[in-house]
Amino acid sequence: MSSALTFEHVFKPAGNASAHTLLLLHGTGGNEHDLLPLGQLMPGANLLSPRGQVLENGMPRFFRRLAEGVFDIEDLKQRAGNLADFIQAAAAEYGFDGSKVVALGYSNGANIASAVMLLRPGVLAGGVLLRAMVPLEPQPLPAIAGTRVCISNGEQDPTIPAAETDRLARLLQRAGADVEVNWQPAGHQLMPADFAVAKTWLQSW
Ligand code: MLT
């Protein structure tokens with residue numbers, strides 16, 4: 001295996017060179033196996049599931065935070081770049097189409113997904129962001145027209161006020177992305193309606 005594949009990961013090939021690749025990004029304390037069952041939301045896609053490389057009290061994450069919802073922006077920039085490089089290296093190694101990578105991220109995984117969209121345009125074609133926050137606000141904003149985003153957040157999420165979700169949607173829209181926002185009668189935990197929304201949206205690709 002290539003030394004450019006710097007993340008512990010699982011890759012499950014679809015066996016079809018023109019398939020999309022679903023990039024599964026776990027939440028804090030998760031790992032590369034957690035979200036594999038969600039591959040069924042995008043039948044026929046390759047699955048690529050890396051493990052975050054930061055440990056917070058032993059719990060894997062994709063970037064460092066200083067406190068709940070307060071991110072280490074320099075670390076986030078570095079780690080988003082590393083993840084983008086990994087995705088491109090995986091496309092070369094496994095032979096999938098690097099222009100057809102769609103993320104499905106939960107919480108910290110959703111936040112690194114939108115950071116990759118904003119910092120490395122073109123690496124992700126789009127993604128489902130489940131319980132997502134604003135990762136950072138790049139100045140100047142990138143141009144990411146053509147990127148499609150589906151946000152699904154909880155109305156009673158104690159960690160993500162509604163205004164934060166609106167700010168994320170507006171940020172991505174200002175950069176040119178096509179953004180859909182879905183609200184669930186839920187907190188930070190996912191519920192069946194999240195998966196239903198994700199499935200419908202992923203099947204539109
Ligand atoms: C984050 O750190 O990305 C967010 O606070 C979500 C979380 O991981 O709890």
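The values are calculated or read from the model by the stated rules, or taken from the named source; none is laboratory data. This is a predicted model, so every value here is computed, not measured. We place every Cβ from the backbone using ideal geometry, glycine too, and count neighbours over all the protein chains shown. SASA here: full protein model, heavy atoms, side chains in, ligands and nucleic acids out. Shrake-Rupley method; radii C 1.70, N 1.55, O 1.52, S 1.80 Å.
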- request: Mind counting the residues in segment 140-165 that are in contact (Cβ under 8 Å) with a residue 12 or more places away in the chain, open to solvent by 70 Å² or more (accessible area, probe 1.4 Å) and more than 16 Å from the ligand (Cβ to nearest atom)?
  value: 3
message: Let me confirm something: among Leu172, Leu124, Leu129, which residue is within 19 Å of Ala80 (Cα to Cα), in a strand (DSSP E or B) and either open to solvent by less than 10 Å² (accessible area, probe 1.4 Å) or of a type in the set (Gly, Ala, Ser) (or both)?
response: Leu129
query: Taking the condition open to solvent by less than 40 Å² (accessible area, probe 1.4 Å) and under 22 Å from Trp201 (Cβ atoms), does Ser18 pass?
result: no
- request: For Asn57, work out the one condition from (1) under 24 Å from Asp97 (Cα atoms); (2) modelled with pLDDT of 95 or more it doesn't fulfil.
  value: (1)
message: Suppose we keep only residues that are free of Cβ contacts under 8 Å to residues at least 40 places away in the same chain and of a type in the set (Val, Ile, Thr) within segment 175-205. Which one would you say is surrounded by the most Cβ atoms within 10 Å (Cβ to Cβ)?
response: Val179
